[in-house]
Structures are given as structure tokens and as C-alpha cells.
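First up is the structure itself, then whatever we jot down about it.
Derivation of every value follows stated rules applied to the coordinates shown; laboratory data play no part. The structure displayed is predicted, hence computed values, not measured ones. Using ideal geometry, Cβ is built from the backbone for each residue, glycine included, and neighbour counts are taken over all protein chains shown.
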Amino acid sequence: MRQYAILLALLVLFGCVLPDAPANNTSANMSENVTTNITDNTSVIVPPVNNTPTEPLPPDYTTNLGDFVWVNYTLWINGTVIDTNNETLAKEVGLYNPARAYDPFAFSLEFNKGVIDGFVLGTFGMKVNETQMFDVTPDRGYGPYDPSKVVVVDRYYNMSNFETVPLSSMEAQGLTNLTIGTAFNTPIGDVFINDTNEENVTLFYLFMEGHSFRINGIPQKIVSTDTENWLATIEFLLDENQTYVLPDLQTGAPTNFKVIDKNDQNITLDSNHIYANETLTFEVTLLKVEPGQQSGQ
């Protein structure tokens with residue numbers, strides 16, 4: 001657990017002289033994205049639609065691996081509608097989001113292309129205008145609940161007013177001809193060159209108590225300063241029941257973490273999908289299909 005807290009602190013320190021990153025805080029409103037409950041948390045690459053006229057499909061054509069399809073869908077968990085691209089139904093069940101486009105969901109019938117396996121499998125063998133209902137078990141959906149994906153980080157950390165960084169890292173950011181006293185404005189506050197040589201640059205951070213900022217998408221605040229020891233105490237401003245994009249401990253990849261607990265000392269983060277260990281029930285209507293090269297029909 002302590003290792004993850006150290007990792008977060010390192011990420012905060014690294015790149016402090018860079019401009020602030022865009023906010024990565026995302027709420028857990030599952031109706032905000034048409035693919036939220038279908039995609040598998042990887043980037044979805046939607047192939048371009050071929051506008052060239054194609055031969056009419058045989059009346060008995062069924063979807064196959066590699067086809068590109070357009071569907072309407074509704075998702076239930078334990079009998080409750082969780083997501084749908086049916087605008088009328090979304091209004092009826094209280095999921096309607098005026099910012100969302102309730103368009104057909106278009107995707108390629110392939111595995112590892114950003115759509116959960118169970119949804120891909122459930123759409124195999126369908127005919128245009130056919131409607132099917134099917135269940136997706138956790139092994140084909142969002143997996144079992146994994147306790148190892150729950151981590152505890154320190155709510156506060158100490159940061160020194162002084163930081164020594166390689167000169168090359170400054171030059172990589174376009175900062176050259178550095179001299180003692182040179183000042184930079186950064187999200188965390190003003191930074192001055194305290195010392196420099198052929199290899200390293202020593203920075204001095206002018207911390208201001210109460211100053212809020214973001215580094216790597218993580219909201220933070222300077223809660224106190226200690227000029228005797230040249231330290232600042234900084235708090236991670238992560239709210240309970242909110243989801244944030246943070247680096248995965250093992251891979252460093254951007255990962256959704258939900259704050260499931262927060263006390264005076266620690267913050268508990270959970271990177272399990274919100275529907276881990278759940279069986280998903282889908283109703284899917286096939287609207288259109290563009291045969292792929294892998295289709296044998």
C-alpha cells in the first residue's frame with residue numbers, strides 16, 4: 001500500500017514545471033456514454049464506414065466474425081435497466097441525458113477491439129431486424145471482483161521546497177540557458193532556479209498555503225507550510241464515491257479508480273469495474289450489417 005502512495009507522490013513531483021494537465025475527474029454517471037457498459041475499458045477504434053454501394057445481403061445472412069454492425073441495445077442488471085440507446089426508454093426509467101446522442105451503437109464483430117467479449121459473442125449469428133436477449137457472465141463481461149485492485153494511499157504527503165532534477169529533463173521541455181534566479185509559473189506555484197550545473201538543476205518551490213492545483217489530473221491542495229524544515233504538506237482532494245483517472249501501479253496505464261473510503265489519514269481506491277462480478281442481461285436489435293472480409297457467407 002505504501003508503495004502506491006510513493007508512486008503517486010513521484011508522479012506529482014515529476015513534471016511540476018510542465019503546464020497543468022487537463023482535468024481527469026469523471027463522475028460515475030453510467031448513462032453519459034453510449035458505450036460505457038459495453039466497452040472493456042480499452043480505446044475503441046471504430047472502422048470507417050464504407051460508403052461504396054454493396055450487394056444486397058442474402059435474406060438468410062447472419063452476422064459473422066469481422067462484420068461491422070449497427071445495433072440498438074438495452075442493458076439490465078438484476079432486473080434494473082442500467083443503460084440503453086433507446087431514448088424513449090431512457091426517459092421512462094430516468095436515465096435520459098440530453099447531452100447524449102441516442103444513436104445506434106456501431107462496432108466491429110471482433111475480439112480485443114474495445115467491446116466486451118460477451119457482447120460480441122451475443123451478436124454473432126443475428127439477422128437484420130432480429131432482436132435477441134442474452135446474458136453475459138462476469139468471465140465474458142467485467143470479470144470477478146479482484147480484492148488486489150483495492151489500494152490504500154496516504155491522504156497527505158510532504159513535499160520539499162527543494163527538488164533536484166536532471167538538466168536534460170528541463171531542456172526536453174524547451175527550458176534552456178537556465179541561470180540562478182530564473183522563475184517559472186507552474187500549477188503548484190512559482191518555481192525558481194536555486195542552483196544549476198552541467199548535470200542537474202535545483203528548483204525552489206514557493207509554496208502558498210491554501211493553493212489548489214492539479215498535477216497529472218490529480219486535484220490537490222497545499223494545506224500547510226513549514227519554513228523551518230522547508231516542507232509543505234499537500235492533500236489529495238479525492239472525493240468519496242467519485243471516480244478518477246490515475247496511473248495503474250503495475251503498468252502505469254491510465255486507470256479508473258473509484259474512491260470507496262476516505263478518513264483523516266488514508267484514501268481507499270478501487271479499480272474494479274463498477275459491474276465486476278455482475279451478470280449482464282442485454283437485449284440487442286440488429287439494424288444493419290456490413291460484411292467483413294473474414295465472413296464466409
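Through the Karplus equation 6.51 cos²θ - 1.76 cosθ + 1.60, θ set to phi - 60°, convert the phi angles of the range 101-107 into ³J(HN,Hα) values in whole Hz; use x for Gly and Pro.
Computed from phi, the couplings for the range 101-107 are 8, 8, 9, x, 8, 10, 7 Hz.
Under a Cβ-Cβ cut-off of 11 Å, what is the net charge of the residues other than Ser168 that fall near it, where Lys and Arg count +1 and Asp and Glu count -1? Provide the component values of the computation, followed by the final result.
Details: positive: none; negative: Glu171, Glu198, Glu199.
Its environment carries a net charge of -3.
Please tell me the relative contact order of the range 130-195 in percent, rounded to the nearest whole number, where contacts are Cα pairs under 8 Å and at least six residues apart.
On the way: 22 pairs, mean separation 10.4, N = 66.
Reported as a whole number, the value is 16 percent.
For a footprinting-style exposure proxy, rank Glu209, Glu110 by other Cβ within 10 Å, fewest first.
Glu209, Glu110
Could you name the lysines whose alpha carbon sits less than 29 Å from that of Lys258, not counting residues in the same chain fewer than 8 places away?
Within the straight-line limit of under 29 Å, Lys258 reaches these lysines: Lys91, Lys113, Lys149, Lys221.
Amide H neighbours of Asp248 under 5 Å, counting only residues 5+ apart in sequence or on other chains, H built in-plane at 1.01 Å?
Ala253, Thr255
What is the sum of charges around Asn72, taking Lys and Arg as +1, Asp and Glu as -1, for the other residues whose C-beta is under 11 Å from the C-beta of Asn72? Walk me through the intermediate numbers first.
Working: positive: Lys288; negative: Glu87, Asp103, Glu283.
Once all neighbours under 11 Å are counted, the net charge is -2.
I'd like the Karplus ³J(HN,Hα) series for the range 196-203: coefficients 6.51, -1.76, 1.60, θ = phi - 60°, whole numbers in Hz, and an x wherever there's a Gly or Pro.
Karplus-based 3J(HN,Hα) across the range 196-203 equals 7, 9, 6, 10, 10, 10, 9, 9 Hz.
Could you give the length gained on full extension between Asp226 and Ile274, defined as 0.36 nm per residue of separation minus the Cα-Cα distance, in nm? Before the final figure, lay out each step's value.
Numbers: separation 48, 0.36 × 48 = 17.28 nm, distance 4.05 nm.
Net length gain for the segment: 13.2 nm.
What distance in nm separates the two pseudo spin-label positions at Asn263 and Glu87, each 7 Å out from Cα along the beta-carbon direction?
4.9 nm
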